[in-house]
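For reference, the structure is listed below as C-alpha cells.
The values are calculated or read from the model by the stated rules, or taken from the named source; none is laboratory data. Predicted model, so just to flag it, every value in this text is computed and none were measured. Positions of Cβ are backbone-derived with ideal geometry, glycine not excepted, and every protein chain shown enters the neighbour counts.
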Amino acid sequence: MYKIEFKSGVKKDFKNIDKFNILFIKDSLKDFANNFSNDYEISLMQKGIVKKSKGQKEDIYRLKLRSYKVVYKKENDLLIILVLSVNTRENSYK
C-alpha cells in the first residue's frame with residue numbers, strides 16, 4: 001500500500017475547491033493508494049484516467065478525477081504518492 005503526502009501548495013489549491021469536491025478528491029486518492037500497483041496504474045493509463053507527463057526529468061503523472069487533475073509522483077524507496085497539485089483543467093496550465 002502506498003502512503004499519500006500532500007505538498008504544501010496543495011492546501012492553496014484546496015482553498016479554491018468546494019468541500020464536497022475536496023472530500024471526493026481525498027476519498028478517490030485513498031482508493032487510488034489502497035488499490036495501487038503497476039498493473040492498476042497501467043489499466044488506468046489504458047482508460048485515459050492516468051497520463052505520464054512528458055518532458056519531465058522525473059516520472060510525474062496526472063490523475064483525472066472528474067474535472068480535476070491531480071499531479072503526483074511515485075517515490076519507490078519510500079512508497080509514497082506525493083500529490084504535487086490539484087486543479088481544474090482550465091487552471092492546470094496557468
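All conditions but one from (1) part of a helix (DSSP H, G or I); (2) under 17 Å from Phe14 (Cβ atoms); (3) of a type outside the set (Val, Ile, Thr) apply to Tyr72; the one that does not is (1). For Ser53, the conditions (1) modelled with pLDDT under 90; (2) over 14 Å from Lys73 (Cβ atoms) are fulfilled apart from (2).
Is it true that some residue in the stretch 75-91 is basic (Lys, Arg) and at pLDDT 80 or above? Looking for residues that are basic (Lys, Arg) and at pLDDT 80 or above, one finds none in the stretch 75-91, hence no.
Of all residues in the stretch 1-30, those satisfying the criterion of being outside any helix (DSSP H, G or I) and not aromatic (Phe, Trp, Tyr) are Met1, Lys3, Ile4, Glu5, Lys7, Ser8, Asn16, Ile17, Asp18. Checking Ile49, Ile60 one by one, the residue that is buried (at least 16 other Cβ atoms within 10 Å of the Cβ) and within 13 Å of the chain's Cα centre (by Cα) is Ile60 and no other. Remark: pairs (first residue in the stretch 1-28, more than 15 Å from Leu65 (Cα to Cα); second residue surrounded by fewer than 16 Cβ atoms within 10 Å (Cβ to Cβ); Cβ separation under 8 Å; 6+ apart in sequence or on different chains) = Met1/Asn34; Met1/Leu79; Tyr2/Leu79; Lys3/Leu78; Lys3/Leu79; Ile4/Lys30; Asn16/Asn91.
Among the residues of the stretch 38-57, none is identified as touching a helix residue (DSSP H, G or I) at 6+ places or on another chain (Cβ under 8 Å) and more than 17 Å from Val83 (Cβ to Cβ). When the criteria are applied in full, Lys12 fails the requirement of being of a type in the set (Lys, Arg) and modelled with pLDDT of 90 or more.
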